[in-house]
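Inspection log for the structure reproduced underneath, given as structure tokens.
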Amino acid sequence: MLEQQYINILIFSYNGKSYIYTPETRFFWKISDSELCTNKKRFLSLKELEECCSEKKYQGIIEQINMLKKRKFIIDEKGESKKFEKKNFSFDYLVINPSNECNLDCWFCYAKNERKKENNKLEIEKSKEIIRYFADFKKKRKSETALGISLFYTSDVTLNFEYFREIVLFIEQIKKDYSFPIYYFLPSTNFFSPKQGFVDFVNEYKFLTVTLDSENEEVRKKVIDNLSKIRKEVVKHLIIPIHPMIENLVSLYSYYSKFFDYVSLRILRIESTHPQAWDKRKLSTFLKKIENLIDYLLTLKEKELLEFLKKIGPTDYILRYLNRLLSREKLFTRCPAGLTAVCVSPNSEIYPCSSLIGNEKYKLGVWSKKLNMQELDNDVVKSVEKIKECSSCPIRYICGGPCVDWKEKQSITGNVNKIECEINFRLVELLIYFIDTVNERFPLFFNKYEKEKKVKNKINYSLDLNQFVDFFSM
């Protein structure tokens, strides 16, 4: 008999099919073409399953899991799994926020509250000193990983474009002094009132990312009109922040893909006091919209489906989970904030993330030439293995743990945000169902998807558990 507590696996049913997902190896299979239990759709342990489904079904699943464990497709997390190891302290990504000023006042902006305060501005020479300081630190550490630099996450780059351009020139000048690559990112812009200098730069840079309030008709129309200033060969990426009561997701993708090469939907982290704040009722409505999106995708022909997914952008919340499932990626943390990435505020304060600027609880220090970089070593973003609620969660390595900023905005005092957890659980379940159904209809689809999206496809095995077990039992 299999020890029930050795692993926390996800077993769930959707649309008359049942699946199993194992966290350590990120393998998943279809158990059967029927639901395991009529009154429960999700099980987080074998004990929960035993209490619900028939003894015959349960014993059959246990026998199959024993074989999978023997063959190392399911790994005992007590001693056999690879654990998180923090690398030598260094930084690979630096965000400098010279200003908070903006030409719009979007209700969802994470810098909105900071903008109400005194608007300090970081002098350009100080920004250069900061870049040098971080690059020199990597050099002393003999780091060979690249240093990425971006600016203006708490304001709009079009308002201070000359500042950005001077920093770009500075980066180009100092590259020769370091053995590792140094590069810059052009940050997202609302593109509401771009000056000609910015337009010229984008046309040469050949990439533009726009963040758009899709429900503001004036802004939407102006931004689309402004796209006529951008050359056809420029890759145009749109980010649409979405709240729980957003309109039809299919319509958002379909409409904006007429104007942009890629469209990414990003779930908003909304303050608990806002009318659009997440709650159980709104969450249920939102999850139904994701189900509708998956149902729609499964009505498409193979070529239509590939074209639709090709247009979804690299930072899309849903696509990220699809790609993680396909690549069987293992995440120990949700993001690099504070681990390999930090940001600097307009008044020289250092934080793990631009979204946390102004929250004294997360301030890591204040930049100066005498700054001891070791003081920035922090534990703001913890490994999922060190978060009690996450350490036994079956989707921990595909989720990476809670977003600290979202937790703060929801005024949550505990370790996790249950709204975020439920969104992530549902995405994993729906996308496993989606992958299996697409594989049945179009067996070579994800090989084509891999080539188009440059995503590793490691789902190169039978997703039917009976067939998989039979093959490895021979």
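What the table shows:
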{"quantity": "Using alpha carbons only: equivalent-ellipsoid semi-axes of segment 93-376, gyration tensor based, whole Å", "calculated": "33, 22, 21"}
{"quantity": "Nearest-ten-degree value, helix 161-174 long axis tilted from longest Cα axis of the chain", "calculated": "80"}
{"quantity": "Sorted by Cβ density within 10 Å, fewest first, the residues 260, 170", "calculated": "170, 260"}
{"quantity": "Cα long-axis angle, helix 280-297 against the chain (0 to 90 degrees, to the nearest 10)", "calculated": "80"}
{"quantity": "CD proxy at 222 nm, helix term only [per DSSP H run n ≥ 4: -39500 (n - 2.57); per residue of the chain; nearest 500]", "calculated": "-11500 deg cm²/dmol"}
{"quantity": "Hydrodynamic radius of the chain per Kirkwood, over alpha carbon pairs, in Å", "calculated": "24.3"}
{"quantity": "Residue 464 long-range amide H proximity, modeled H, under 5 Å", "calculated": "30"}
{"quantity": "Nearest 10 degrees, 0 to 90: helix 196-205 Cα axis against the chain principal axis", "calculated": "50"}
{"quantity": "Phi-based couplings in Hz for segment 98-111 (Karplus 6.51, -1.76, 1.60; Gly and Pro marked x)", "calculated": "x, 7, 10, 6, 8, 9, 10, 9, 5, 5, 9, 4, 6, 9"}
{"quantity": "Inter-site label distance for residue 474 and residue 295 at 7 Å from Cα along Cβ, in nm", "calculated": "4.0"}
{"quantity": "Which of 413, 38, 158 has the fewest Cβ neighbours within 10 Å, and the rest in rising order", "calculated": "413, 38, 158"}
{"quantity": "Full-extension gain in nm, residue 466 to residue 315, via 0.36 nm per residue minus C-alpha separation", "calculated": "50.8 nm"}
{"quantity": "Backbone N within segment 346-379 under 18 Å of label point (7 Å from residue 119 Cα along the Cβ vector)", "calculated": "346-348, 358"}
{"quantity": "Residue 182 long-range amide H proximity, modeled H, under 5 Å", "calculated": "147"}
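Every number in this text was worked out from the coordinates using simple rules, so none of it is lab data. Worth saying up front: this structure is predicted, and the values here are computed from it rather than measured. Don't worry about glycine lacking a Cβ; one is built from the backbone with ideal geometry, like all the others, and counts go over all protein chains shown.
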